[in-house]
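K.L.:
Mind looking over this structure? Questions follow.
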Amino acid sequence: MSKQISIDEAVKQIKDGMTVMVGGFMGCGSPHQIIDKLVESKVKALTLICNDTAFMDYGIGKMVVAKQFKRIYASHIGLNPETGNQMNTKECDVILVPQGTLIEQIRCGGAGIGGFLTPTGVGTIVAEGKETITVEGKEYLLEYPLKADVAIIEASKADEAGNLQYHGSTRNFCEQMATAADVVIAEVRNIVKIGEMDPDFIHTPGIFVDYLVNID
């Protein structure tokens, strides 16, 4: 069965109230065309898991401006003033997470690990409400995994089986998110036949990818 679907079919996978992971770093590696269609769809009350909220007019920031999120997990929001505005007015519950902690939470979600210990955030506001565990005299925070209903990511190349290849830094967060969601949708510029990709340069195996959207 072909994994290739239209962008409209992809957007229909995301419904009000879902938790969505979006790959990329400041919009680099984000699925921009799917994001634009999601803005048009007016889907709402989503929980977003991402590294950052990009810019007001670029990347996932467009959905922030459209007020489509009820909760956001991110490590950085400074380049999108609207995220800060919604956080301060309590329109959106913004949970700021240290970047290393965030990616490890996603990795744990994909690997089926129940949690992990990190010293990052001990003694700071990050530790508020969290369980602490002492190991060999050192204090750690217990952080829990993050998973999503849908992950939308971007890849430069795929084959018909869904094997993905990223270009340069566009792989930011995409690899881990592809393992941590029930449904994974990849926006891809170039889809080739099975066997045409060098196995040494496959970054995400097709077993993790449910749908491909060709934007070439």
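K.L.:
If you take every DSSP beta bridge whose two residues both sit in the chain, what share of them, in percent to the nearest 5, is antiparallel?
P.N.:
Working: 12 of 41 bridges.
Given both bridge residues lie in the chain, the antiparallel proportion sits at roughly 30 percent.
K.L.:
Here is a further query. Over the chain, what percent of the accessible surface lies on carbon and sulfur atoms, probe 1.4 Å? Write down the numbers at each step before the final one.
P.N.:
Numbers: 5310 of 10350 Å².
For the chain, the apolar C and S fraction of the accessible surface comes to 51 percent.
K.L.:
With the radius of gyration and the Kirkwood radius both derived from the Cα set of the range 1-43, what is their ratio Rg to Rh? The partial results should precede the final answer.
P.N.:
On the way: Rg = 11.2 Å, Rh = 11.5 Å.
The Rg/Rh ratio comes out at 0.98.
K.L.:
Have a look at the DSSP beta bridges in the range 132-197 and tell me what percent are antiparallel, nearest 5. Write down the numbers at each step before the final one.
P.N.:
Details: 6 of 15 bridges.
Rounded to the nearest five, the antiparallel share is 40 percent.
K.L.:
What is the packing order of peptides 55-63, 96-104, taking the mean over residues of other C-beta atoms within 10 Å and listing the highest first? Walk me through the intermediate numbers first.
P.N.:
Values: 55-63: 20.6, 96-104: 17.6.
The most tightly packed comes first, giving 55-63, 96-104.
K.L.:
Could you do me a favour and compute the accessible area per residue for the chain, 1.4 Å probe, result in Å²? Provide the component values of the computation, followed by the final result.
P.N.:
Details: 10350 Å² over 216 residues.
The answer is 48 Å² per residue.
K.L.:
I've got another one for you. Can you figure out the FRET efficiency of V192 with T134, using R₀ = 45 Å and their beta-carbon distance, to the nearest 0.05?
P.N.:
Working: r = 52 Å, r/R0 = 1.16.
According to the calculation, E is roughly 0.30.
K.L.:
Which peptide among 148-155, 168-175, 17-24, 112-119 comes first, and what is the full order, when sorted by highest mean count of other Cβ atoms within 10 Å?
P.N.:
Details: 148-155: 26.6, 168-175: 19.6, 17-24: 23.1, 112-119: 13.1.
Top to bottom by mean Cβ count within 10 Å: 148-155, 17-24, 168-175, 112-119.
K.L.:
Run the quick spin-label model on S169 and I215: label points 7 Å from Cα toward the beta carbon, then report their separation in nm to one decimal.
P.N.:
Here the modelled spin labels are 1.8 nm apart.
K.L.:
Spin-label point model (7 Å from Cα, Cβ direction): what's the N85 to K70 distance in nm?
P.N.:
2.2
K.L.:
Calculated FRET efficiency, L142 and M18, Cβ-Cβ r, R0 30 Å, to nearest 0.05? Kindly include the intermediate steps, with their values, before the conclusion.
P.N.:
Numbers: r = 26 Å, r/R0 = 0.88.
E between L142 and M18, to the nearest 0.05, is 0.70.
K.L.:
Just to confirm the number: angle between the C-alpha axis of helix 99-111 and the first principal axis of the chain, 0 to 90 degrees, nearest 10?
P.N.:
Approximately 60 degrees, to the nearest 10.
K.L.:
OK, next. Quick one: in the range 120-216, what % of C-alpha pairs are over 16 Å apart?
P.N.:
Numbers: 2820 of 4656 pairs.
Result: 61 percent of Cα pairs exceed 16 Å.
K.L.:
Based on alpha-carbon centroids, what's the gap between the range 26-82 and the range 155-207 in Å, whole number please?
P.N.:
Value for the Cα centre distance between the two parts: 22 Å.
The values are calculated or read from the model by the stated rules, or taken from the named source; none is laboratory data. Everything numeric here is computed off the predicted structure, so don't read it as measured data. We place every Cβ from the backbone using ideal geometry, glycine too, and count neighbours over all the protein chains shown. These accessible areas exclude ligands, DNA and RNA; they are computed on the full protein's heavy atoms, side chains included. Shrake-Rupley method; radii C 1.70, N 1.55, O 1.52, S 1.80 Å.
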